[in-house]
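Have a look at the structure below, then the notes.
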Amino acid sequence: MSGAPPTGVERRSTQLDETLKKLSPVYAVLFLRNMAWSLTLNGPVMPLYVRVLGLDVPSWGILAMALSAGLFMEFVWGVVSDRVNKGYFILIALVLTSLIYPLYTIKAFLPLFIVFQFIFGAIQVIVGLTTRAVIAEASPGNSAGFNMSLWFFFATFGNIAGPIVGTYIAASYGYEYAFYTSMAIVWAAILFFLATYLRSRDHRASISVARRPLFSGFSQLLRIPTLQKTCTLTLLGFLGCSVVASFLPIYATERVGMTTIAVGSMATIAATTRLVATPLIGRISDRIDKRKLLFATLAFGCALFALFPFATDAIQLTLLTIGVSMSFSFSVLSIAIHSSATPKEYSGMSLGLYGTFEDFGLMMGSLIFGFSWGAFGPPSVFVITAAAMGCAALLSLSLREQKQ
């Protein structure tokens, strides 16, 4: 009957379509930003570049830690994002990061790389945090898992092209041109964002005009048991992200004998697999117990990391990397549970808090694994990671989803 009111399924479908249309420019900019970042600073190019410049592995661990330390600004930016125009906040971060990329091409600045790493981390984290806050605020409860999984989908999508393009440019033309390419991609994101999202009225709806004290609500967030647990298990899980991003490229080239382009291809294949797995897991998580699914992904990652020391060739290492990349989809589940327990008016602050624990995991990983590599040998980094993900899996069993 044509005049019949829409069913619940039809209403949810229409609501989802409208939300995705509103958020599509945000997802596109996230993709471009991540492609630029993974092409150099967050991909195989950066660790291989500093090795060519003469730095040893422990020194690279310190550089990687410096970038992660800059990411600790995420909580502060989260508080600020609840009080400003989120669209302009994203734009400012993109412009500033585009100015930092070319500084890495000046070899005389090598002693200053640690400063560049910290500043870049402190600025670029604004984009990831603020886009997640926009998505969390715009997402109805029955599609929160799927919409947030799309954040990870497009972030991962950017990570697919970045490593292979970056390593190809570095091998064919020189490492400097990879950094110039990153800068160009960020400027493409800036122009696109200006032409789409900032021309619409959607970004104005994401402003939270708050007149309360700056850190009001922080103590309330800290008292929520679900947030305490999701932050802790995220810290443990992100040790795995740290070892894959910062130490696996060196392990693959120096221990297994893979070429630079082969390492980039491995990272791209792993990211492609995660690209497919992430939205599926997000969709499934809106229909079943997120806690059980979270436990399964973390336990899967734990088992695979324990096998890395036994990998002896490129095929075995690539298969394990693909598997652990899929296990990193745990972030979709933990952040969906985290967001469901957060009052909407504190979404930026809460996601900033969550992101700080992600960053803490990356920073701790860089420091711990750099020391462990030199003191106990390269395989030790995978043993430590397996233990950390196992602890995170056990902690996930105590989670309870809370609805606000």
Quiz item: Are any of the residues in the stretch 148-171 surrounded by fewer than 13 Cβ atoms within 10 Å (Cβ to Cβ) and either part of a helix (DSSP H, G or I) or at pLDDT 80 or above (or both)?
Solution: no
Quiz item: Does the stretch 289-309 contain any residue that is free of Cβ contacts under 8 Å to residues at least 12 places away in the same chain, closer than 30 Å to M258 by Cα and not basic (K, R)?
Solution: no
Practice problem: Can you tell me which residue among G121, G145 is modelled with pLDDT of 80 or more, assigned to a helix (DSSP H, G or I) and either in contact with a helix residue (DSSP H, G or I) (Cβ under 9 Å, 6 or more places away or on another chain) or surrounded by 20 or more Cβ atoms within 10 Å (Cβ to Cβ) (or both)? | Solution: G121
Quiz item: Just checking, which of D313, D289 is surrounded by fewer than 21 Cβ atoms within 10 Å (Cβ to Cβ), under 22 Å from P378 (Cα atoms) and acidic (D, E)?
Solution: D313
Practice problem: For residues that are free of Cβ contacts under 8 Å to residues at least 60 places away in the same chain and hydroxyl-bearing (S, T, Y), scanning just the stretch 310-334, find the one that is farthest from T230 (Cα to Cα). | Solution: T312
Practice problem: Six or more apart or on different chains, Cβ under 8 Å: which pairs go from a residue in the stretch 88-113 that's farther than 18 Å from L67 by Cα to one that's surrounded by fewer than 19 Cβ atoms within 10 Å (Cβ to Cβ) and not β-branched (V, I, T)? Could you list them? | Solution: Y88/L198; L91/L194; L91/L198; K107/L53
Quiz item: Given the stretch 239-331, what helices (runs of 4 or more DSSP H) lie entirely inside it while holding 2 or more residues that are under 22 Å from L67 (Cβ atoms) and aliphatic (A, V, I, L, M)?
Solution: 248-254, 260-285
Self-check item: Count of the stretch 362-396 residues which are surrounded by 23 or more Cβ atoms within 10 Å (Cβ to Cβ), closer than 22 Å to T297 by Cβ and not aliphatic (A, V, I, L, M)
Solution: 5
Practice problem: Go through (1) surrounded by 15 or more Cβ atoms within 10 Å (Cβ to Cβ); (2) among the β-branched types (V, I, T); (3) at pLDDT below 80; (4) in a helix (DSSP H, G or I) and name the single condition T14 misses. | Solution: (1)
Quiz item: Just checking, how many residues over the stretch 316-327 are of a type in the set (G, A, S) and surrounded by 19 or more Cβ atoms within 10 Å (Cβ to Cβ)?
Solution: 2
Practice problem: Answer yes or no: is there a residue in the stretch 305-313 that is under 22 Å from F153 (Cβ atoms) and among the small types (G, A, S). | Solution: no
Self-check item: Residue check for F179: surrounded by 17 or more Cβ atoms within 10 Å (Cβ to Cβ) and at pLDDT 90 or above
Solution: yes
Self-check item: Leading residue by the ranking (farthest from P378 (Cα to Cα)) among those in the stretch 243-260 that are touching a helix residue (DSSP H, G or I) at 6+ places or on another chain (Cβ under 7 Å) and at pLDDT below 85
Solution: T260
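The values are calculated or read from the model by the stated rules, or taken from the named source; none is laboratory data. Just so it is clear, the model here is predicted, and its values are computed rather than measured. When we count neighbours, we look across all protein chains shown, and the Cβ atoms used for this are built from the backbone with ideal geometry, even at glycine.
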